[in-house]
Amino acid sequence: MRILLLNALYPTPMHPKVVGGAERSVRNLAEALVAHGHDVEVIRAAAPSGVLTREVVNGVVVYAAPSKNLYWPFDGKERSPWLKFLWHLIDDWGCAPPIVTERLREFKPDVMHTNTLTGLTTNVWSLAKRFNVRVVHTLRDYYLICPRSKYYKNGSNCDGPCKDCSLLTSRRRQKTRVPDAVVGNSLATLNLHTALGLFGGARIRTAIGSLEESGARPLPPRDRSGDSKLLFGYIGRVTEEKGVEQLAKAYGLLPQGSAGLVIAGEGDAGVQDRLMRLSGGREINFMGFVPPREFYEAVDIVVAPSLWHEPLPRSVIDAISYARPVIGSNRGGTPEAMGEPPYGWIYDPSEEDGLLKALEASLAGGLPVLERKREDNLLSYLRVYSDEQ
């Protein structure tokens, strides 16, 4: 089968940028499809000022297409509210990069599989239909109903699209009648979209993530002979909606010397000082941006403290695949990702001491219990989250 995959980002040697878990999941899917004998091409967005590039990475042909917009939203630069408004308006009503039409014509895919379409536009769906190509869309964020893709504003999750979001996503929401099928990477994400009337004519199903890399295997428990204290870890973007500040506060309330905290990922300038203050001056190991395995080898328990309805936290899937139990919030797809029964502890971030109690539970002897049940839990979990699904 010939499959054309589209996603805003796709890490390659020429374009290594990684913002979140979606691009890693898409890369994992593409390489798994190639391993199963399919022909796969990927089109990802690139900066408007760039040029079209083509790479072959692990059997996957990857095109980086300059977006037809005012600027590149993944360059870390701050823009004025007015310029952001114009960018989102163009992204909603603009045209897809020409390479999409070219590959539909020349590659002749059997299926177009779209994911996050920032910089590529939902117009790609209509182009696929002109060539009689079936379209499957996977929901990995809230791009179709929120221009910021988070559905989270002023410290709270949204109950419905606000006026700005309704205006800046009007065309893409109308376009959701085009795909033949829609897949949610969590039931929570899928239900949120269908409740708003999106994808009314599409076949609907729920999908779950697959392991971050084919070679991922459970790690042995961390050697704590030199330091008996338990190490909590967070990996991902260090931003307010990810709940990292709440984690720092809860960590600072634990008994002195009972635990440590490791944080891997990128954040705003001054984020380290802010988190140190929130923790009351406790020691925090900031690893920066590191390979996932290096992080998981360094911690005992992974904390996924999202305040927003994160569709499917990649860190949870990776953590359990590496045999690291999880303390996760009950938001979005986190509880689904943790399995049933959960491999760890689930808490409600709206409760003032919810996270603190979960951290205390793990310190009170919960970790050895999980380690004793570790083999059965992991075998069951890995069967569900394999590339075969």
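The values are calculated or read from the model by the stated rules, or taken from the named source; none is laboratory data. The shown structure was predicted, so the numbers you read here are calculated from the model rather than taken from an experiment. All Cβ positions, glycine included, derive from the backbone under ideal geometry; neighbour counts span all protein chains shown.
Values as computed for the structure displayed
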read-out	value
Wholly within the range 149-208, helices (runs of 4 or more DSSP H) carrying at least 1 residues that are aliphatic (A, V, I, L, M) and either more than 26 Å from Phe85 (Cα to Cα) or assigned by TED's automatic domain parsing to the domain that holds Pro305 (or both)	187-195
Qualifying residue in the range 29-47 (condition: in contact with a Lys or Arg (Cβ under 8 Å, 6 or more places away or on another chain), assigned to a loop (DSSP other than H, G, I, E, B), more than 24 Å from Lys129 (Cβ to Cβ) and not hydroxyl-bearing (Ser, Thr, Tyr))	no
Residue check for Val57: in contact (Cβ under 8 Å) with a residue 40 or more places away in the chain and either hydrophobic (A, V, I, L, M, F, W, C) or farther than 28 Å from Lys150 by Cα (or both)	yes
From the options Ser306, Ser315, Ser329, residue that is farther than 22 Å from Thr138 by Cα, surrounded by 24 or more Cβ atoms within 10 Å (Cβ to Cβ) and either outside the structural domain of Ile263 (by TED's automatic domain parsing) or of a type outside the set (D, E, K, R) (or both)	Ser329
One residue from Trp82, Trp87 being touching a Leu at 6+ places or on another chain (Cβ under 6 Å), among the hydrophobic types (A, V, I, L, M, F, W, C) and either in a loop (DSSP other than H, G, I, E, B) or farther than 21 Å from His137 by Cβ (or both)	Trp87
Residue within the range 238-259 that is among the β-branched types (Val, Ile, Thr), modelled with pLDDT under 95, outside the structural domain of Ser186 (by TED's automatic domain parsing) and within 16 Å of the chain's Cα centre (by Cα) present	yes
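This table checks each residue for (1) touching a Pro at 6+ places or on another chain (Cβ under 9 Å); (2) surrounded by 20 or more Cβ atoms within 10 Å (Cβ to Cβ); (3) in the same structural domain as Tyr143 (by TED's automatic domain parsing).
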| residue | (1), (2), (3) |
| --- | --- |
| Leu9 | no, yes, yes |
| Pro13 | no, no, yes |
| Leu29 | no, yes, yes |
| Ala35 | no, no, yes |
| Val42 | no, yes, yes |
| Ala45 | yes, yes, yes |
| Val51 | yes, no, yes |
| Glu55 | yes, no, yes |
| Asp75 | no, no, yes |
